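The next block holds one structure in the form of structure tokens; read it before the comments.
The values are calculated or read from the model by the stated rules, or taken from the named source; none is laboratory data. These figures come from a predicted structure and were not determined experimentally. So basically every Cβ, Gly included, is an ideal-geometry build from the backbone, and we count neighbours across all protein chains shown. Just so you know, the surface numbers come from the protein's heavy atoms only, side chains and all, with ligands and any DNA or RNA stripped out. Shrake-Rupley method; radii C 1.70, N 1.55, O 1.52, S 1.80 Å.
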Amino acid sequence: MGILNVTPDSFSDGGKFAALDFALSHAEQMIRDGADILDVGGESTRPGAPVVPAEEELRRVLPVLYALRDCGTPVSLDTYKPVLMKEAVLAGVDMINDINAFRAPGAIEAVRDSDCALCIMHMLDKPITMQDKPVYDDVVLEVIAFLRERIDALTAAGIDRDRLWIDPGFGFGKTVEHNYALLKAGRRLVAELGVPLLAGLSRKSMIGAVTGKPVEGRLAGSIGGALAAVAHGARIVRVHDVAETVDALKVWHAAQ
């Protein structure tokens, strides 16, 4: 999954692809590099990020979604706002990737009658406060319990379980230790919840904490993280550096 941020303030590539022509050019490059799915985001959810009004988020993402609808590669929208979900369904997206796990009023209704995949992510609190001393008794147990409750809520609403994916939410209200405990527990999450796993840790602080590198120096660490995620059961890895990660995964799979 190649990341396409059409925001001015994302933690890694903010502003680089905000203009439509730059966004489409980057999308085309990621497809050439081997991306199996493109994840479009119109609001930064880095720690401390402010909320973007829905009208502004729509202005950012809708032209990109419609421009990519016939690109031949599945497209995901990264949003937690039901109004964005409704518009994305009309635009024909293949996945809704929700950091808020479809908890917003109207979110389940916005996606229930569509056929797109739905990724349920765990987040502690909200982006603006989520990294303010996150505490768990047992992070793996608590994330599993949260994701199970959300899976049950969506299936109770009539959504086919086969449409669902889970994301433990690396960096979303977790310390470095929490993140790596969840990374190692990937196969346990899949086994206990019976839903495939998506992992997004590209360039995040959990990579910097181990390597000591700033965001722009985290390529090798991010590739290592992607390989570790796949080794621990992830079926999708959400990455900035598509070409390099694809090559690494090709070698890893050949070795299997």
Some residue of region 27-34 being at pLDDT 95 or above, farther than 21 Å from residue 172 by Cα, open to solvent by less than 40 Å² (accessible area, probe 1.4 Å) and polar (S, T, N, Q): no
Conditions (1) at pLDDT 85 or above; (2) surrounded by fewer than 17 Cβ atoms within 10 Å (Cβ to Cβ); (3) not hydrophobic (A, V, I, L, M, F, W, C); number of the one not met by residue 9: (1)
Options 237, 176, 195; residue that is in contact with a Phe, Trp or Tyr (Cβ under 8 Å, 6 or more places away or on another chain) and either within 27 Å of residue 4 (Cβ to Cβ) or surrounded by fewer than 22 Cβ atoms within 10 Å (Cβ to Cβ) (or both): 195
Some residue of region 143-151 being of a type in the set (Gly, Ala, Ser), within 22 Å of residue 187 (Cβ to Cβ) and assigned to a helix (DSSP H, G or I): yes
Conditions (1) aliphatic (A, V, I, L, M); (2) open to solvent by less than 40 Å² (accessible area, probe 1.4 Å); (3) assigned to a helix (DSSP H, G or I): number failed by residue 251: (2)
Residue 198 vs. criteria closer than 16 Å to residue 120 by Cβ and of a type outside the set (Asp, Glu): yes
Candidates 147, 182, 198, 193 - the one that is in contact (Cβ under 8 Å) with a residue 40 or more places away in the chain and touching an Asp or Glu at 6+ places or on another chain (Cβ under 7 Å): 198
Answer from 90, 84, 118, 77 - the residue that is over 16 Å from residue 236 (Cβ atoms), in contact with a strand residue (DSSP E or B) (Cβ under 7 Å, 6 or more places away or on another chain), modelled with pLDDT of 95 or more and not polar (S, T, N, Q): 84
Residue among 169, 106 that alone is within 19 Å of residue 81 (Cβ to Cβ), surrounded by fewer than 16 Cβ atoms within 10 Å (Cβ to Cβ) and modelled with pLDDT of 95 or more: 106
Flag for residue 190 being surrounded by fewer than 19 Cβ atoms within 10 Å (Cβ to Cβ), within 18 Å of the chain's Cα centre (by Cα) and farther than 25 Å from residue 33 by Cα: yes
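For residue 73, are the conditions met, namely being touching a Lys or Arg at 6+ places or on another chain (Cβ under 9 Å) and assigned to a loop (DSSP other than H, G, I, E, B)? Don't jump to the end; show me each part of the working.
Values: touching a Lys or Arg at 6+ places or on another chain (Cβ under 9 Å): no; assigned to a loop (DSSP other than H, G, I, E, B): yes.
Against the criterion (touching a Lys or Arg at 6+ places or on another chain (Cβ under 9 Å) and assigned to a loop (DSSP other than H, G, I, E, B)), residue 73 does not qualify.
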Pairs where the first residue, in region 19-38, is farther than 11 Å from residue 5 by Cα and the second is loosely packed, with under 14 Cβ neighbours inside 10 Å, C-beta under 8 Å, 6+ apart: 28/71; 31/71; 31/72
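Report, by residue number, each residue of region 208-242 that is in a loop (DSSP other than H, G, I, E, B), touching a residue at least 40 places away in the same chain (Cβ under 8 Å) and over 15 Å from the mean Cα position of the chain (by Cα).
Across region 208-242, the qualifying residues are 232, 233.
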Residue match in region 218-231 (condition: among the hydrophobic types (A, V, I, L, M, F, W, C), open to solvent by 60 Å² or more (accessible area, probe 1.4 Å) and modelled with pLDDT of 95 or more): yes
Flag for residue 51 being more than 18 Å from the chain's Cα centre (by Cα), open to solvent by 20 Å² or more (accessible area, probe 1.4 Å) and among the β-branched types (Val, Ile, Thr): no
